Amino acid sequence: MNQRRSLFVITCIVFGYAFLYIPIFSMVVFSFNASKLVTVWDSANSPTLKWYHALLHNNEILDAAWISVKVALINACGAVILGTLAGFALARFARFRGRFVLSAMTTAPLVMPEVITGLSLLLLFVALEQAVGWPAGRGITTMTIAHMTFSMAYVTVVVQSRLATFDMSLEEAAMDLGARPLKVFFVITLPIVFPAVLSGWLLAFTLSWDDLVISSFTSGPGSSTLPMVVFSKVRLGVSPEINVLATITISVVTIIIVGVSLWMARSKRIATSPA
Amino acid sequence: MPKPTDPALKASPWTDSDAKPYVRVEKLTKSFGEFKAVDDVSLNIYQGEIFCLLGASGCGKTTLLRMLGGFEKPSSGRIFIDGEDMTGVPPYERPVNMMFQSYALFPHMTVEQNVAFGLKQDRVAKAEIRERVATMLELVKLGGFAQRKPHQLSGGQKQRVALARSLVKRPKLLLLDEPLGALDKKLREHTQFELIGLQHRLGVTFVVVTHDQEEAMTLASRIGVMDHGEIVQSGTPSEIYEFPSSKFVADFIGSVNIFEGRLIEDEPAYVRIASPELGGIIHVGHGISAASDTVVWAAVRPEKINMSTEAPTATDNVARGAVQDIAYLGDLSIYLVKLPTGKVVRVTQPNTSRHAEAITWDQQVYLSWDDSSPVVVTR
Ligand SMILES: Nc1ncnc2c1ncn2[C@@H]1O[C@H](COP(=O)(O)OP(=O)(O)OP(=O)(O)O)[C@@H](O)[C@H]1O
Ligand SMILES: [Mg+2]
């Protein structure tokens, strides 16, 4: 019985992970393919770094990647500041009037279809430009603002749920020892919930990095992000360069995720061990 | 009971009507919605005291303490500390420190940084901080633990770090919420005496919350017994034990036998109470302030009852019953004696000799007590 159950579990795991990782794995393999056709393996000349070389000289993709990095970085920092403040307010002032409405409103962007968010932001930017002359046209600025509006909601949820289990007597003890509330926030609360803030930052960065729909609505000429460029290229047929790009992205993401999880597992052990 | 050794401090300032209380609480009330967690409490606490707030779970001890610390805003009433009105003053501006029930050590700081935190807020010079922290850690016997993080400490060590952290600023008043709750019995007793010693040396006024009456008796110069948000009696441990003012207090502090009865003779020098529960008359050797023929309760402590197999000569303060149960506790034994009326009386006898004439199960015994032993309460 036990034997069979574990066999079943193993089968599930194998199929589940295969489903998740075979596409990625094949993509990585094909990034070393010499053939111009992504679906044909040129065994005579492969593996090769030919397409890696080509990618590094493709200015269109490099420019788009640089724009994506800029937008994602600014967005992540802004969203973390706004989201942490909102999460703090929601977690702390447990019974202020309108808390429920506010909390529902901050989480609404999580369930709102992206098309609607993108469209409404576009309309807002156009209306603002006509009314006050800012923002002048659409570009990196409008795109970053748009990204912040939805990624902030994710940060809020992450920070709020961490603060919900935060031992309030730590803050009271700090105040008791003479620290004013603002100082308590920066010296006690923030360092202790920092892992949550960091995951919020990474989440916001990732959301912005691979956003396509909202970016398309709010970007302007000359401000195409990487996903937009990739998407338009793929519609004309998949080039092996895209495989290379994907492989590089996956490698970077893997390294960051593994590093951060190791670091967080360590600090979590410290934070949750009873004080 | 330890008394303050500082000659500047009176042995019992609460009996002196001229003494100025260090903490004065006036008609303090805290409501959470309809519910009154602390109800119209007035209290004076004097310099150098260890004042224990004692009461069952949920009776409002922590809430009262938190109001003294400034963490909870009173619904009405005032708090004066050292003559100054502190009612609306935030915690970071009060000359008071608190030791939290959960210790609340900062998990991301070392023991040393935890203890230094309060001094840093006051911008004390670095060298002085280092010195005072080191002295404090020596005092609580944690000299070698300065660089540890809180999660690397045992419960008792954490408790001592929390104590050091709250004492390092040399507060005039220290609030302690169940300071020894997390410790095992042996360590707790040991730490109780350490606390008393520390308090003597530093001359700090302590307000200690506890629900352990033994702990309160050991620590306190005075005890305030709380029930449903009110202080029902405050006094020295022996006052509370010997002269409880109500059935609740008598029952809460130690164990006691309570006999309901009717006042039949009410003289200035003595009273007599007819108690159907006892099946006899209780004679009390002092007058009380209650009208004749009212229902009163006589409380008799188990250790004040004599038990013998021979009938005593007196007719009052006597009962006869059968031993229903015996618990041997080493230094003393507890006997439960069932009277013919059905009432079970608790009697404790010290085991002074190893082979006393053994009273055993189901034996008929006579119970009697001195006329100074019962305490009569009217509520
Ligand atoms: N923030 C709050 N909101 C509502 N009710 C509260 C709040 N804090 C305390 N109470 C209520 O007030 C009463 C007294 O609480 P308190 O914490 O002072 O009890 P306590 O005497 O310290 O009990 P324990 O010995 O269990 O710690 C309890 O019935 C509790 O439910
Ligand atoms: Mg409590």
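The values are calculated or read from the model by the stated rules, or taken from the named source; none is laboratory data. Every value quoted in this text rests on a predicted model; they were computed, and no experiment measured them. Methodologically, a virtual Cβ is constructed for each residue, glycine included, from the backbone with ideal geometry; neighbour enumeration extends over all protein chains shown.
Here are a few things to note about the model shown:
- Of the residues making up the range B:195-213, those that are more than 18 Å from B:ASP177 (Cβ to Cβ) and either within 16 Å of ligand 2 (Cβ to nearest atom) or without any contact (Cβ under 8 Å) to a residue 60 or more places away in the chain (or both) are B:GLY197, B:ARG201, B:LEU202.
- Test for B:SER292: is it of a type in the set (Ser, Thr, Tyr), out of contact with any strand residue (DSSP E or B) (no Cβ under 9 Å at 6 or more places or on another chain) and modelled with pLDDT under 90: no
- In the range B:178-194, the residues that are within 19 Å of B:VAL115 (Cβ to Cβ) and either over 22 Å from the mean Cα position of the chain (by Cα) or not in a loop (DSSP other than H, G, I, E, B) (or both): B:THR191, B:GLU194
- Test for B:GLU178: is it within 15 Å of ligand 2 (Cβ to nearest atom) and within 14 Å of chain A (Cβ to nearest Cβ): yes
- Taking the range B:51-84 as the range and being hydroxyl-bearing (Ser, Thr, Tyr), within 8 Å of ligand 1 (Cβ to nearest atom) and in contact with a Lys or Arg (Cβ under 7 Å, 6 or more places away or on another chain) as the test, only B:THR63 passes.
- Under the condition of being in contact (Cβ under 8 Å) with a residue 24 or more places away in the chain and at the interface with chain A (Cβ under 7 Å from one of its Cβ atoms), the residues counted in the range B:85-98 number 3.
- Subset of the range B:99-121 (residues that are hydrophobic (A, V, I, L, M, F, W, C), at the interface with chain A (Cβ under 7 Å from one of its Cβ atoms) and under 22 Å from B:VAL207 (Cα atoms)): B:PHE100, B:ALA104, B:LEU105
- Selected residue (criterion: farthest from ligand 2 (Cβ to nearest atom)) from residues of the range B:161-175 that are in contact with a helix residue (DSSP H, G or I) (Cβ under 8 Å, 6 or more places away or on another chain) and among the basic types (Lys, Arg): B:ARG170
- Among the helices (runs of 4 or more DSSP H) confined to the range A:171-223, the ones with at least 2 residues that are in contact with a His (Cβ under 9 Å, 6 or more places away or on another chain), aliphatic (A, V, I, L, M) and away from chain B (no Cβ under 14 Å) are located at A:190-209.
- Selection status of B:GLY83, more than 12 Å from ligand 2 (Cβ to nearest atom), at positive phi and surrounded by fewer than 16 Cβ atoms within 10 Å (Cβ to Cβ): yes
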